[in-house]
Amino acid sequence: MTPTKASLLVMYICAGIYLGLLSESGIAERMRLEKELQNLNAEVERLVVENQGLEEKERRLKNDAYALEQEARKYYLLSETAHVLKFEEMPSPLTQKTKALPASLHTAGLGGEWKEPPLFLLRFFFISFSVFLILGVYFKLKRLQPMSNHKRLN
């Protein structure tokens, strides 16, 4: 096998490994996206539970004057003799609930803590390794003495 053919073979093998593992649609990227999806689903579940609790608290405070007084005393440090006045609000058709975004990137799983090396770093080292491997195979085979005699037999 000539050095060029051997180097091309090594290059094709490295390209196949890169495309299968480290490319944008490779296994490593899919695993990262699945982990991110799990983190986002957990965040959504937590927010749904928190939202249900807040809606229940809102219903309780709207309907129960005693609960409203207790809540006001708790947060505004009112004494027992203080009176709490509740004003009714007219619902406006223009006000709509806004969708809440995750509190920070850290809670969404995109924080600065890495348990595994980032994908771009793996790609860089794999490409560097592949280039040196291909060049090494080429130059190593180029230095070897030919095994067959290329003299013509006439």
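The values are calculated or read from the model by the stated rules, or taken from the named source; none is laboratory data. Computed from a predicted model, the values in this text were never measured in an experiment. Reconstructed Cβ throughout: ideal geometry from the backbone, glycine too, with neighbour counts over all protein chains shown. All accessible areas refer to the heavy atoms of the entire protein, side chains included, with ligands and DNA or RNA removed. Shrake-Rupley method; radii C 1.70, N 1.55, O 1.52, S 1.80 Å.
General observations
- Residue-level analysis places A28 outside the set of residues that are modelled with pLDDT under 80 and surrounded by 12 or more Cβ atoms within 10 Å (Cβ to Cβ).
- Taking the stretch 101-119 as the range and being in contact with a helix residue (DSSP H, G or I) (Cβ under 7 Å, 6 or more places away or on another chain) and either more than 30 Å from S25 (Cα to Cα) or at pLDDT 65 or above (or both) as the test, only L119 passes.
- Within the option set K57, K74, being open to solvent by less than 100 Å² (accessible area, probe 1.4 Å), over 30 Å from L22 (Cα atoms) and of a type in the set (K, R) holds for one residue only, K57.
- Residue within the stretch 120-143 that is closer than 28 Å to L37 by Cα, among the aromatic types (F, W, Y), modelled with pLDDT under 70 and open to solvent by 70 Å² or more (accessible area, probe 1.4 Å) present: no
- Residue check, A42 within 30 Å of V131 (Cα to Cα) and modelled with pLDDT of 85 or more: no
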